[in-house]
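Take a look at the structure set out below.
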Amino acid sequence: MNYDVILIRYGELALKGRNRDQFEDTLMRNVRNVLEVHPSVEVYRRYGRMYVQLNGENPYEVMEKLQAVFGITSISPTIQVEQTEEAIKEGTLRLVQSLTPAPRTFRVDTRRADKRYPMPSMDVNRMVGTHLLRNIEGLKVDLHQPEASVKIEIRTEGTFISSETLPCAGGLPVGASGKVLLLLSGGIDSPVAGWMTMKRGVRLEAIHFHSYPYTSERALEKVKDLAQKLTKWGGSVRLHTVPFTVIQEAIREHCPEEYNITIMRRFMMRIAEKVAQKRKALALATGESLGQVASQTLESMYTINHVVKIPILRPLVAMDKSEITDIARNIDTFDLSILPYEDCCTIFTPKNPATRPRVELAERYEQKLDVEALVNDAVARTELEEITAKPRDVVTDLF
Ligand code: ATP
Ligand code: MG
């Protein structure tokens, strides 16, 4: 079908005043950004609706991109007609005739938002219904379970006819809620945590700790690939990569084995907090979920959290593993996440990690280390890369 305009509906009805303006401005900017590759489209908004005028661009490609824009609740491809009886009848007939498979039953719903249009919406329904029945053989009206549900919107900015509404991602437009630094590992959970954080309007940066040469270049590439998957939902992602080997070796040498993971995580938090401050991110986010693995106990979270002041968002804390993997599949990170490359944590994992680590003990063991110097050195050697949606050069096997 040669659609003219994609109609965009957005939610969060609770938003008022300035928040609403900011929501709309940010959403419009994000819609324009994802449609950059379709130079002919025009994006505009009127009275709480947003429109993408296609000007010949492929409606299905445009709609697929819009479905990854947070803040949009649903979209409909429409044809736009003049505000006259003839044009409305002709447009509706053309739309219904184009549907495949051809519907056997239909209903028409008109909304007359522009009250200057003289005919009441019930009369428009009847007029258009009669026109369809006369022109399409075998077609019947079914008000309860129609195969085609035709919607006509008569608005000041135009008259739009559609028969389809596609659900979208919901949430808030990325950028409306400030910035968060995501601790991104190569696992299943943290990319999902990043996606959920973005869904609430957050712009993400990511930080990854690697232990070259214990971990390979491939493991790092996998993390970059995961970050790239997230760009579909929120634009480019700045990825900070932290060399973690020196710290891990120091911990292994000077601290009791069962506290290795706890102390390692405390270092991650300290480093992440410093990077967040530099980048003006107001929170960290992790993929932790209570009770999922032995180290994710409340005692462990407490002891790890103790070294930083910055809030830590844990969007997966209330979710089951199956719910998390469902999302990972939907956002297309699952297959990457299960690739079997080693992670910095798995390499230094002790046989019997403390499942209820205590702050006082962690602090006592860390006295053997020059914590501040180690943290500052790691921050200084942190590298920054902007991950964009464009395909990257693939490093096949460097090491
Ligand atoms: P994931 O599936 O995200 O790897 P996990 O179930 O393996 O999580 P842990 O290994 O306990 O759980 O890690 C908990 C969280 O700590 C991760 O979700 C991630 O946010 C962070 N994290 C772990 N390892 C790293 C790393 N190498 N770099 C950055 N963040 C990390
Ligand atoms: Mg992991």
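The values are calculated or read from the model by the stated rules, or taken from the named source; none is laboratory data. Worth saying up front: this structure is predicted, and the values here are computed from it rather than measured. So basically every Cβ, Gly included, is an ideal-geometry build from the backbone, and we count neighbours across all protein chains shown. Just the protein is used for accessible areas: all its heavy atoms, side chains included, with ligands, DNA and RNA removed. Shrake-Rupley method; radii C 1.70, N 1.55, O 1.52, S 1.80 Å.
When residue 267 is tested against (1) over 27 Å from the mean Cα position of the chain (by Cα); (2) modelled with pLDDT under 95, only condition (2) is not met. Tell me whether segment 208-228 contains one or more residues that are within 30 Å of residue 44 (Cα to Cα) and open to solvent by less than 10 Å² (accessible area, probe 1.4 Å). Checking segment 208-228: not a single residue is within 30 Å of residue 44 (Cα to Cα) and open to solvent by less than 10 Å² (accessible area, probe 1.4 Å). Is it the case that some residue within segment 337-354 is within 23 Å of the chain's Cα centre (by Cα), of a type in the set (D, E, K, R) and within 16 Å of ligand 2 (Cβ to nearest atom)? No, there is no match, as no residue in segment 337-354 is within 23 Å of the chain's Cα centre (by Cα), of a type in the set (D, E, K, R) and within 16 Å of ligand 2 (Cβ to nearest atom). Being away from ligand 2 (no atom under 16 Å from the Cβ), touching a Lys or Arg at 6+ places or on another chain (Cβ under 9 Å), outside any loop (DSSP other than H, G, I, E, B) and in the same structural domain as residue 69 (by the TED database) is the requirement here; does residue 109 meet it? Yes: the conditions hold for residue 109.
Consider residue 115 carefully, then state whether it is farther than 30 Å from residue 171 by Cβ, outside any helix (DSSP H, G or I) and not hydroxyl-bearing (Ser, Thr, Tyr).
Working: farther than 30 Å from residue 171 by Cβ: yes; outside any helix (DSSP H, G or I): yes; not hydroxyl-bearing (Ser, Thr, Tyr): yes.
Against the criterion (farther than 30 Å from residue 171 by Cβ, outside any helix (DSSP H, G or I) and not hydroxyl-bearing (Ser, Thr, Tyr)), residue 115 qualifies.
Could you tell me whether segment 2-13 includes any residue that is at pLDDT 95 or above and either within 24 Å of residue 390 (Cβ to Cβ) or among the acidic types (Asp, Glu) (or both)? Looking through segment 2-13, at least one residue is at pLDDT 95 or above and either within 24 Å of residue 390 (Cβ to Cβ) or among the acidic types (Asp, Glu) (or both).
Just one of (1) within 15 Å of ligand 2 (Cβ to nearest atom); (2) in contact (Cβ under 8 Å) with a residue 24 or more places away in the chain; (3) not charged (D, E, K, R) fails for residue 220. It is (2). Can you confirm whether segment 283-299 contains a residue that is touching an Asp or Glu at 6+ places or on another chain (Cβ under 7 Å), modelled with pLDDT of 95 or more and over 17 Å from residue 181 (Cα atoms)? The answer is no, given that none of the residues of segment 283-299 is touching an Asp or Glu at 6+ places or on another chain (Cβ under 7 Å), modelled with pLDDT of 95 or more and over 17 Å from residue 181 (Cα atoms).
Sort through 395, 317 and tell me the only one that's modelled with pLDDT under 95, open to solvent by 30 Å² or more (accessible area, probe 1.4 Å) and not assigned by the TED database to the domain that holds residue 185. Talk me through it step by step, then tell me what you get.
Details: 317 fails: not assigned by the TED database to the domain that holds residue 185.
Selected residue: 395, the only one of 395, 317 that is modelled with pLDDT under 95, open to solvent by 30 Å² or more (accessible area, probe 1.4 Å) and not assigned by the TED database to the domain that holds residue 185.
Selection of segment 138-156 for residues being more than 20 Å from residue 47 (Cα to Cα) and either among the small types (Gly, Ala, Ser) or at pLDDT below 95 (or both) yields 138, 148, 149. Within the set 285, 328, 272, 354, the sole residue that is among the small types (Gly, Ala, Ser) and more than 10 Å from ligand 1 (Cβ to nearest atom) turns out to be 354.
Tell me which strands (runs of 3 or more DSSP E) are completely within segment 1-79 and hold 1 or more residues being surrounded by fewer than 17 Cβ atoms within 10 Å (Cβ to Cβ) and without any contact (Cβ under 8 Å) to a residue 12 or more places away in the chain, or say none if there are none.
Details: elements: 5-10, 42-46, 49-53.
Those strands (runs of 3 or more DSSP E) span 42-46.
Return a yes/no flag: does segment 127-139 have any residue that is surrounded by 19 or more Cβ atoms within 10 Å (Cβ to Cβ) and closer than 20 Å to residue 7 by Cβ. Within segment 127-139 (the criterion being surrounded by 19 or more Cβ atoms within 10 Å (Cβ to Cβ) and closer than 20 Å to residue 7 by Cβ), the answer is yes, since at least one residue qualifies.
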